[in-house]
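Before any comments, here is the structure.
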Amino acid sequence: MKGVQQLWPPNDARSNLSDLSDADLERLYGYPDDLSKPWVQVNFVTSADGAVTVADKSEGLSHPADKHIFGLGRALCDVVLVGAGTVIAENYRGVRVSEQRAEPRKRLGLAEIPPIAVVTARCSIEPDSALFTDAKVPPIILTTEGAPRARREALADAGAEVIIAGPLTVELTTALAELDRRGLRRVNCEGGPHLFGALISEDLVDQLCLTVAPLLAGAGAGRIAAGRDTLVPRRLALASILHEDGFTMFRYRRA
């Protein structure tokens, strides 16, 4: 078949994640230089049959190699973007940066720790959640005018920066513009499916880092994108494929 390439088993052993140095991975997964506007990378893991969770959590699909890429996404970004549903389901806490991960952040001129920006139309995060109580950097709350004032004030009192980014739904172009105003252009989105679906619909995804786990989860779990319809599919270009222990890590960029 003309044009078909064998990607696995690899001709180059460096297709294995364990054969790549941190410098190699930084070159692969680093953000473009001299960004003039927000650049959105999305991270997801899925089963081979398309499930986004096992027992309602992504942990059952993960692997140390996948977690390494996940950690790299946090190490190289200005801000972690995530939906409220994922924050609650995964019991999010503030970002931790290890000594190893601190070096590239310092070298690239990034803040010591990236904040987590939560998309929540109704301010549904509790002020006593680990996102506040177990964090060195307060979160950013991207919400709406329709969110109850008392909830907005409670999150602000807990230390969050509360940003209104729409009347009844969070308008993602407005939210990203607000992050841009704060110098937060390297955006690392960690889900969930409804936020990803909205980003796709508004054509705001610049890179997708997708790990496929060698697992059949069966019926029940949702897909990695949900919610808002996308009338025109978004074309992506395959940028890299890495592999370890049956887990395949794909990286796609905006075509």
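Considering each of Val54, Val95 in turn, give the residue that is modelled with pLDDT of 90 or more and either among the aromatic types (Phe, Trp, Tyr) or out of contact with any His (no Cβ under 8 Å at 6 or more places or on another chain) (or both). Let's see the steps before the verdict.
Values: Val54 fails: modelled with pLDDT of 90 or more.
Only one candidate passes the filter, namely Val95.
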Item to check | Count of residues meeting criterion [surrounded by fewer than 20 Cβ atoms within 10 Å (Cβ to Cβ) and either free of Cβ contacts under 8 Å to residues at least 40 places away in the same chain or aromatic (Phe, Trp, Tyr) (or both)] in region 40-55 | outcome: 1
Checklist entry - So, in region 91-147, of the ones that are in a loop (DSSP other than H, G, I, E, B) and touching a residue at least 60 places away in the same chain (Cβ under 8 Å), which residue ends up surrounded by the most Cβ atoms within 10 Å (Cβ to Cβ)? => result Pro114
Next on the checklist: So for region 245-253 (the condition being of a type in the set (Gly, Ala, Ser), free of Cβ contacts under 8 Å to residues at least 60 places away in the same chain and open to solvent by 40 Å² or more (accessible area, probe 1.4 Å)), does at least one residue qualify?
Outcome noted: no
Item to check | In region 139-175, the residues that are more than 26 Å from Leu204 (Cβ to Cβ) and of a type in the set (Asp, Glu) | outcome: Glu153, Asp157
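Could you check, for region 169-176, whether at least one of its residues is modelled with pLDDT under 95 and closer than 14 Å to Thr120 by Cβ? Don't jump to the end; show me each part of the working.
Of all residues in region 169-176, those modelled with pLDDT under 95 come to none.
The answer is no; no qualifying residue exists.
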Checklist outcome for this item: Output for Cβ contacts, cut-off 6 Å, separation at least six or different chains, first residue exposed (fewer than 11 other Cβ atoms within 10 Å of the Cβ) in region 214-229, second acidic (Asp, Glu) and assigned to a loop (DSSP other than H, G, I, E, B), reads Leu216/Asp49
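Filter region 230-244 for residues that are among the hydrophobic types (A, V, I, L, M, F, W, C) and open to solvent by less than 40 Å² (accessible area, probe 1.4 Å) and give the result. Before the answer, list the steps.
Residues of region 230-244 among the hydrophobic types (A, V, I, L, M, F, W, C): 231-232, 236-239, 241-242.
Listed by number, the list holds a single entry, Leu242.
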Checklist entry - In region 148-162, which residue that is touching a Pro at 6+ places or on another chain (Cβ under 6 Å), within 22 Å of Leu176 (Cα to Cα) and small (Gly, Ala, Ser) is surrounded by the most Cβ atoms within 10 Å (Cβ to Cβ)? => result Ala160
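May I ask you to list the residues in region 212-238 that are in contact with a Leu (Cβ under 8 Å, 6 or more places away or on another chain) and in a strand (DSSP E or B)? Quick ask: steps written out before the conclusion?
Residues of region 212-238 in contact with a Leu (Cβ under 8 Å, 6 or more places away or on another chain): 213, 215, 217, 224, 236.
Those that are in contact with a Leu (Cβ under 8 Å, 6 or more places away or on another chain) and in a strand (DSSP E or B): Ala213, Leu236.
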Checklist entry - Which one of the conditions (1) assigned to a strand (DSSP E or B); (2) polar (S, T, N, Q); (3) free of Cβ contacts under 8 Å to residues at least 12 places away in the same chain does Thr174 fail to meet, given that it meets all the rest? => result (1)
Item to check | Single residue of region 57-70 satisfying the filter (surrounded by fewer than 17 Cβ atoms within 10 Å (Cβ to Cβ) and outside any strand (DSSP E or B)) that is modelled with the lowest pLDDT | outcome: Glu59
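The values are calculated or read from the model by the stated rules, or taken from the named source; none is laboratory data. These figures come from a predicted structure and were not determined experimentally. Glycine gets a Cβ as well: all are built from the backbone with ideal geometry, and neighbour counts include every protein chain shown. Keep in mind that these areas ignore ligands, DNA and RNA; they rest on the heavy atoms of the full protein, side chains included. Shrake-Rupley method; radii C 1.70, N 1.55, O 1.52, S 1.80 Å.
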